[in-house]
Amino acid sequence: MNLRLSTIKELDGYKLRDRQQILTLALDALSASKKVMLRVAKLAVLTPFFIALAYFEGWALLPILLAAGLSYPLLTTPIEILFAKQKFSQAIEQFKSEQT
């Protein structure tokens, strides 16, 4: 499982911003049912994490929420890459056509 966009062979030679655009294009190309499955998978990963936050109160919650906000992309990006992997070639072609 790819945890980062830089580990995907198809995206070698692209800048980080370009890789992110290609990922967005690949996610946009998913069917409606796959998009729903992606959102459910992300929710399943995040729900236990945010339920654990219910045990903190007052100012002690602030650093925990900051950590949660910063870790959100670390938890969800691998799931997005997994779902978008099958559409990368199509997204790369679309990205190239938009660049010219």
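Summary of values
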item: Helix-only CD estimate at 222 nm, as mean residue ellipticity for the chain, using -39500 (n - 2.57) per DSSP H run (n ≥ 4); result: -23500 deg cm²/dmol
item: Mean separation of Cα contacts under 8 Å, 6 or more apart, over the residue count of the chain: relative contact order %; result: 52 percent
item: Dipole magnitude (debye, nearest 20) for the chain, charges at Cβ of Lys, Arg, Asp, Glu; result: 180 debye
item: Angle in degrees between helix 16-28 and the longest Cα principal axis of the chain, rounded to the nearest 10; result: 90 degrees
item: Heavy-atom surface of the chain, accessible at 1.4 Å and reported per residue (Å²); result: 70 Å²
item: Positive dipole terminus of the chain, leading residue within LEU3, SER97, VAL36 (C-beta point charges); result: SER97
item: The chain: equivalent-ellipsoid semi-axes (sqrt of 5 x gyration tensor eigenvalues, Cα, Å); result: 31, 16, 10
item: Cross-link table LYS35/LYS87; LYS9/LYS34; LYS35/LYS96; LYS9/LYS85, entries beyond 19 Å C-alpha to C-alpha; result: LYS9/LYS34; LYS35/LYS96
item: Within the accessible area of the chain (1.4 Å probe), percent carbon and sulfur; result: 64 percent
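The values are calculated or read from the model by the stated rules, or taken from the named source; none is laboratory data. Predicted, not measured: the structure shown is a model, and the values here were computed from it. Cβ atoms come from the backbone with ideal geometry, glycine included; neighbour counts cover every protein chain shown. All accessible areas refer to the heavy atoms of the entire protein, side chains included, with ligands and DNA or RNA removed. Shrake-Rupley method; radii C 1.70, N 1.55, O 1.52, S 1.80 Å.
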